Amino acid sequence: MIYTSPHSNLSSVLGTTPDEIDTRKSGSDRILLMAIIILMMVGVLAVYSSIAFFAQNNDTSAFSLVTRHIVKLGIAFFVMLIVSKINYHTLAKFSHLAMVGSILLLIAVMIFGTEEFGARRWLSLGGFSFQPSTVATVALLLHVSVLLSDKQDYIKDFKKTFLPIMVWVTVTCGLIGIEDFSSAGILMGICLIMMFIGRVSVLQLGTMVAIAVLGGVLLINASGNRQDRIDQYLTQIKDIETERILDGTGRQAQQAHIAIAKGELLGVGIGKSTQRDFLPTPYNDFIFAIIAEEYGIAGAMALIALFSLILIRGVVFIARKAEDTLGSLLAVGCTLSIVLYGFVNAAVASGLLPVTGLPMPFISYGGTNMVFAGILVGIMLNISKHQRERRQIFYG
């Protein structure tokens, strides 16, 4: 069957030519699946190495905490397999309902949420705690993909296309940003990239960027903690002052840099980290620093290469070969959501970005974040089952 589409401009962005493409159904992307499994295995080792000191201070054992982590990984993997069996077009039918539900959850967490580390991000329902921002992320990526796909015939229309997309993106990212600024910033950036690929006009994209910048400035000015983190980051770039080291200012970043420096090229060895005793949450926000300490720059770069492989498989292969516009846009959104979290986590530990508190997908110790990362990968695997192939057409 010849695949045809009226949206040749979008196809050119993704590197395909509609009149030279056949559609076919194949198995899931095995390379992507193997990359995720390797990430999970690395995560188990990293959590076991980094959580010992925390376990000792909380009268529990590292083994029990790692066992919990493995169970959560198992749940995430099971969810990923289940979602990979569900046609992404079926999920798209519920995108509007998912958006409404996720916004209600974001409002609920502001009122009834549990505060941890100075932020109200967790909501408990029936004894189960989760972060509504993760639900909203999946819902928004799905809904933006649906809107961009359905409105391709009038994609430049401000009222019919840009306005509804802008409202959903702005409201969702704004509600997330009140308590989780970094997650909101990444989600906004991903939506802008999806809108660019979806052929939204440059002028309209510029309007979204202006809204994002204005919203970011307002959110930063509204939080003294965010201002302090940015000030610490800027001061750290200009000069490392002895006084700041002695009084503990910017301690998280300092200890992470020490861990990376200790690792040198090949690392100090598995389970031999010393900075885990000094780094706050080394099993989560700064787990990349522990990996760099134990496995060295070589191990850290191998981990970055693994995330880069996921980026290549998700964008170059899955999105580019997806059978329709919806699949292409959704694959891009899911891929960037996984990869950017990994890159930002590594950049924070390395001192390239201010401290954000974002986990590294499938590596950091966690629960709901891991499950929803599994959902995103499951969607990518399902899209990879419905591919299109280039076919040479001969005339005459």
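The values are calculated or read from the model by the stated rules, or taken from the named source; none is laboratory data. What you see is a predicted model, and the numbers here were worked out from it, not measured in a lab. Every residue, glycine among them, receives a Cβ derived from its backbone with ideal geometry; neighbour counts consider all protein chains shown.
Observations on the model:
- Scope the range 276-317; condition over 21 Å from the mean Cα position of the chain (by Cα) and among the β-branched types (Val, Ile, Thr); matching residues: Ile297
- Within the range 79-105, residues that are farther than 16 Å from Cys334 by Cα and touching a residue at least 24 places away in the same chain (Cβ under 8 Å) sit with their Cβ atoms under 7 Å from residues that are of a type in the set (Val, Ile, Thr) and surrounded by 12 or more Cβ atoms within 10 Å (Cβ to Cβ), at 6+ positions apart or across chains, in these pairs: Ser102/Val135; Ile103/Val171; Ile103/Thr172; Leu105/Val135.
- Residue selection: Phe63 satisfies the criterion of being surrounded by fewer than 13 Cβ atoms within 10 Å (Cβ to Cβ), at pLDDT below 95 and hydrophobic (A, V, I, L, M, F, W, C).
- Enumeration of residues in the range 151-180 that are free of Cβ contacts under 8 Å to residues at least 60 places away in the same chain and over 15 Å from Val209 (Cα atoms): Lys151, Tyr154, Ile155, Lys156, Asp157, Phe158, Lys159, Lys160, Thr161, Pro164, Gly177
- Residue in the range 145-157 that is crowded, with 23+ Cβ neighbours inside 10 Å and touching a strand residue (DSSP E or B) at 6+ places or on another chain (Cβ under 8 Å) present: no
- Selected residue (only one of Ser183, Ser124, Ser133, Ser145 is out of contact with any Asp or Glu (no Cβ under 8 Å at 6 or more places or on another chain), among the hydroxyl-bearing types (Ser, Thr, Tyr), touching a residue at least 40 places away in the same chain (Cβ under 8 Å) and within 21 Å of Met370 (Cα to Cα)): Ser183
- Ile190 within 19 Å of Gly342 (Cβ to Cβ) and either aliphatic (A, V, I, L, M) or free of Cβ contacts under 8 Å to residues at least 40 places away in the same chain (or both): yes
- Remark: pairs (first residue in the range 301-324, among the basic types (Lys, Arg); second residue part of a helix (DSSP H, G or I) and surrounded by fewer than 18 Cβ atoms within 10 Å (Cβ to Cβ); Cβ separation under 6 Å; 6+ apart in sequence or on different chains) = Arg313/Ile31.
- Residue count for the range 331-368, restricted to those that are assigned to a helix (DSSP H, G or I) and either over 24 Å from Met80 (Cβ atoms) or in contact with a strand residue (DSSP E or B) (Cβ under 8 Å, 6 or more places away or on another chain) (or both): 6
- Taking the range 343-364 as the range and being crowded, with 24+ Cβ neighbours inside 10 Å and among the aromatic types (Phe, Trp, Tyr) as the test, only Phe362 passes.
- Reported count of residues in the range 280-298, each being surrounded by fewer than 19 Cβ atoms within 10 Å (Cβ to Cβ) and farther than 18 Å from Gly351 by Cβ, is 1.
- Which listed residue is out of contact with any Phe, Trp or Tyr (no Cβ under 6 Å at 6 or more places or on another chain), in a helix (DSSP H, G or I), modelled with pLDDT under 85 and aliphatic (A, V, I, L, M), from Ile312, Ile240, Ile318, Ile230: Ile230
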